[in-house]
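Please read the structure below before turning to the comments.
What follows is calculated from the coordinates using simple rules that are stated; it is not laboratory data. As the structure is a prediction and not an experimental result, all values here were calculated from the model. Using ideal geometry, Cβ is built from the backbone for each residue, glycine included, and neighbour counts are taken over all protein chains shown.
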Amino acid sequence: MTTRILLPLWFFGGLWASWKTFNTALPYLAKLLLLNPFLHGSEVLRVSVMGQRDFLPYWWSILALAAFISILGVWGVRRLKRRLDFV
């Protein structure tokens, strides 16, 4: 189960190509890839090392990562509380 979820996230996470490359080749897939947190992490690293050329805007990616962290954090805490059976 974990491999089925994490492998596509990692594979389409922007490690081999930037989002702009995906957008020129497959625009519909590129819009869907904006829901991938790995993509935003790799774009932030790319922008901080290579500068803002043909990548997603830095602050937009930082805000998207913060949103992913908060949403998934709340979801994870709720699952943990349910599993530990807090009273």
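Compute the acute angle (0 to 90°) between the alpha-carbon long axis of helix 37-50 and the principal axis of greatest extent of the alpha-carbon atoms of the chain; round to the nearest 10°. Approximately 40 degrees, to the nearest ten.
Taken about its Cα centre, the chain carries a charge dipole of about 320 debye when Lys and Arg each add +1 at the Cβ and Asp and Glu each add -1 at the Cβ.
For the chain, the residue among LEU7, SER42, GLY76 whose Cα projects farthest onto the positive side of the dipole built from Cβ charges is GLY76.
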